[in-house]
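Visitor: My structure is below; once you've seen it, I'll send some questions.
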Amino acid sequence: MRTTVSLDNDIERTLRETALRTHRPFKRVLNEMLRSAIAAASPAGTKQAKRFTVKARDMGLLPGIDPIGFSKLADDLEAAAFLDSTKRLKAHIAATNKRKK
């Protein structure tokens, strides 16, 4: 199929240099480069990742213990630590400002 394509100067120069260096026609070099770029960009041309499976294990928790509660507890402890450090920082800033006056 014939078509007209406008190439940037650097792309044309690279294609022509490759054609000269490899002793292949310009058209062949252009088509090969386009094919390799399309194959690299398409999902079909990429290697599929190995399927990941989760191996479930018994946590050994006693009945009635909700593991989701552990996450909430961790969040609560983190929030409390943040508030504590914020209060200490504010107190330090206030003390520093008092000394400057």
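Visitor: What tally of residues in the stretch 36-60 results from selecting those that are part of a loop (DSSP other than H, G, I, E, B) and either modelled with pLDDT of 80 or more or closer than 25 Å to Leu15 by Cβ (or both)?
Guide: Count: 12.
Visitor: Just to be sure before I move on: is Ile68 modelled with pLDDT under 85, open to solvent by 100 Å² or more (accessible area, probe 1.4 Å) and in a helix (DSSP H, G or I) in the structure I sent?
Guide: yes
Visitor: So which residues in the stretch 77-101 are under 36 Å from the mean Cα position of the chain (by Cα), of a type outside the set (Gly, Ala, Ser) and open to solvent by less than 80 Å² (accessible area, probe 1.4 Å), if there are any at all?
Guide: Listed by number, the residues that qualify are Asp84, Thr86.
Visitor: When you scan the stretch 20-35, how many residues do you find that are of a type in the set (D, E, K, R), open to solvent by less than 90 Å² (accessible area, probe 1.4 Å) and not in a loop (DSSP other than H, G, I, E, B)?
Guide: Residues meeting the conditions: 1.
The values are calculated or read from the model by the stated rules, or taken from the named source; none is laboratory data. Source: prediction; values computed, not measured. Cβ coordinates were reconstructed from backbone atoms using ideal geometry, including for glycine residues, and neighbour counts include every protein chain displayed. When the accessible area is computed, the model is the full protein with side chains, heavy atoms only, and any ligands, DNA or RNA have been set aside. Shrake-Rupley method; radii C 1.70, N 1.55, O 1.52, S 1.80 Å.
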